[in-house]
Amino acid sequence: MESFDAVVVGAGPAGSVTAVRLSRAGARVLLVDKARFPRDKPCGGGLTMRAVRELPVSVEPVVEHVVDRMGLRLRYGKRIDRRGSAPLILMTQRLRLDHHLLQQAVAAGVDVREGVKVTDVSTDDGAVSVRVDGEPVSGAVLVGAYAIVQAPSFGGSARYLVLLIPLAALVCLHPRIFGPMANLALNRMGKASLPRTMKTSALVSMVALYAASWVLAGAGLYALIQGVHPVQPDDFFVVLAAPAVGCIAAAFAFMLPGGIGAREGGVAAVLQLALPLGVAVAIAVALRLLQLAIELGTAALTSLIARRTRPR
């Protein structure tokens, strides 16, 4: 069995920096990650100067832009710009940053292994034993430098609580709830109250049509996912709820044109309960592109029919 002073799981910035510091202190370190680098991550790519000062290595080779100014604006009013006397944020990409830090770990003498999985964690007499791609490895310390992008309480049947999100949103649309809430928000923004709200009968009809469209969209999404990535049958209802959650997220983000990003984020957030995060994001973006194509096609077809049926 291979033995190390420390086994670090996760070769992102936290894992690589930890491994570098331990190795420079004289420890024998194993750094493992299930991905192969360079690999990308959803991230804004901004490094604050406080974070940069804490790094044991320079990130200058991967800095793409230095931000030294900021702009403030309230309610699309007058804009106030301020420039700092020193850099505020260094902009980079996780694709480049993570790979650079991993290379620095290798240069510091860290044993790096990519594309491997860690399983069967156990402790015995103060030591930690794990299996790295099935091979036993021991260490005095095990560092988990990774993030799990899912709520632990959402395991098992609890994940179906996501189905309550569309139901709660629909309840909020009831005239006795939506009217006062909307008027309160409008009044706080200095706008006039709504002259009227939708009747209950019209709301029920709208809900029925939306529910039917969401069910069809969810079933189609499940079939699409099955064609590109395996998904468990018991996750069917989770996938079924994804389009509805995405649509609701876009509705709440109505201040953005078309709910840019909100719809995809809502769909991906639900799908990652049943799929790896990367696959969930890819599916959410693909679904949005498909919807956009359908919307543009419908608009073009409607315009063509209107022209042909217009009286001359």
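The values are calculated or read from the model by the stated rules, or taken from the named source; none is laboratory data. From a predicted model like this one, the values you see are computed outputs, not experimental measurements. Neighbour counts run over all protein chains shown; Cβ positions are idealised from the backbone, glycine included.
Give the residues of the range 76-112 that are at positive phi and in contact with a Ser or Thr (Cβ under 9 Å, 6 or more places away or on another chain), sorted by residue number.
The first filter runs over the range 76-112 and keeps only residues at positive phi, leaving 76, 109.
Hit for the range 76-112 is 109, nothing else.
One line per residue, one yes/no per condition, for (1) within 20 Å of residue 19 (Cα to Cα); (2) loosely packed, with under 13 Cβ neighbours inside 10 Å; (3) not polar (S, T, N, Q):
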{"position": "83", "(1), (2), (3)": "no, yes, yes"}
{"position": "90", "(1), (2), (3)": "no, no, yes"}
{"position": "99", "(1), (2), (3)": "yes, no, yes"}
{"position": "102", "(1), (2), (3)": "yes, no, yes"}
{"position": "107", "(1), (2), (3)": "yes, yes, yes"}
{"position": "114", "(1), (2), (3)": "yes, no, yes"}
{"position": "118", "(1), (2), (3)": "yes, no, yes"}
{"position": "126", "(1), (2), (3)": "no, yes, yes"}
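The criterion of being among the hydrophobic types (A, V, I, L, M, F, W, C), in a strand (DSSP E or B) and surrounded by fewer than 14 Cβ atoms within 10 Å (Cβ to Cβ) holds for residue 72.
Taken as a whole, the condition of being under 28 Å from the mean Cα position of the chain (by Cα), under 28 Å from residue 39 (Cα atoms) and of a type in the set (Lys, Arg) does not apply to residue 73.
So which strands (runs of 3 or more DSSP E) are wholly in the range 1-48 and hold at least 2 residues that are under 16 Å from residue 93 (Cα atoms), under 28 Å from the mean Cα position of the chain (by Cα) and not basic (Lys, Arg)? Talk me through it step by step, then tell me what you get.
Numbers: elements: 2-9, 29-33, 46-48.
Ranges flagged: 46-48.
Remark: pairs (first residue in the range 106-123, in a loop (DSSP other than H, G, I, E, B); second residue of a type in the set (Asp, Glu) and modelled with pLDDT under 95; Cβ separation under 7 Å; 6+ apart in sequence or on different chains) = 116/133; 117/133. For the range 81-124, the candidate set comprises residues that are hydroxyl-bearing (Ser, Thr, Tyr) and under 17 Å from residue 48 (Cα atoms); within that set, the residue that is nearest to the chain's Cα centre (by Cα) is 92. When 278, 265 are checked against the criterion of being within 16 Å of the chain's Cα centre (by Cα), of a type in the set (Gly, Ala, Ser) and either assigned by TED's automatic domain parsing to the domain that holds residue 35 or within 30 Å of residue 75 (Cβ to Cβ) (or both), a single residue qualifies: 265.
The residues on offer are 22, 72, 47, and the sole one that is under 28 Å from residue 277 (Cα atoms) and of a type in the set (A, V, I, L, M, F, W, C) is 47.
Sub-6 Å Cβ pairs linking a first residue in the range 31-57 that is surrounded by fewer than 16 Cβ atoms within 10 Å (Cβ to Cβ) to a second residue that is of a type in the set (Asp, Glu), at least 6 apart or interchain, are 36/114, ordered by first then second residue.
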